[in-house]
1. Can you return the lysines within cross-link range of LYS64? Criterion is Cα-Cα under 19 Å, with same-chain partners fewer than 8 residues away left out.
2. Taking the Cα of GLU46, stepping 7 Å toward and past its beta carbon, and measuring to each backbone N in region 19-40: which are under 18 Å?
3. Residue-wise, which Karplus ³J(HN,Hα) couplings in Hz belong to region 55-66, taking 6.51 cos²θ - 1.76 cosθ + 1.60, θ = phi - 60°, and x for glycine or proline?
4. Return SER8, SER38 ranked ascending by Cβ neighbour count within 10 Å, so the fewest neighbours appear first.
5. In debye, nearest 20, what is the charge dipole magnitude of region 5-70 about its Cα centre with +1 on Lys and Arg Cβ and -1 on Asp and Glu Cβ, if you could check?
6. Within 10 Å of each residue's Cβ, count the other Cβ atoms and sort ASP23, ASP30 from fewest upward.
7. Among GLY71, ILE17, SER38, whose Cα lies farthest out toward the positive end of the dipole of the chain, if unit charges sit on the beta carbon of Lys, Arg (+1) and Asp, Glu (-1)?
8. Check which residues have an amide H placed less than 5 Å from VAL6's amide H, if you skip close sequence neighbours.
Amino acid sequence: MINKEVESYKLGNIRVIITETDDPNRLHVDCNDGTYHSEFTMRVYEYQYYKRHMNQRITTAYKKQYEKEAG
């Protein structure tokens, strides 16, 4: 079963796709910048009220990946 897309957008060069899960209280977040891929689930409540914070954490995590690679 393919879960319905809730939203998709770009954070710089990171493509973020948010989809429903089998649990109505959770969402699946898929992040990909062409080099690194990350995915996780979060509560719908967190998505609604803490989306900005989530986006900052995604951006920071991707930056750290590239810093590790360069270091």
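1. LYS10
2. 19-32, 38-40
3. Running phi through 6.51 cos²θ - 1.76 cosθ + 1.60 with θ = phi - 60° gives 5, 5, 5, 4, 4, 5, 4, 5, 4, 5, 4, 6 Hz.
4. If I rank by nearby Cβ atoms, fewest first, I get SER8, SER38.
5. Using Cβ point charges on Lys, Arg, Asp and Glu, region 5-70 gives about 400 debye.
6. ASP23, ASP30
7. So the residue we want is GLY71.
8. ILE18, THR19, GLU20
FYI, it's all coordinate maths here, none of it is from the lab. All values derive from a computational prediction rather than experimental measurement. Cβ coordinates were reconstructed from backbone atoms using ideal geometry, including for glycine residues, and neighbour counts include every protein chain displayed.
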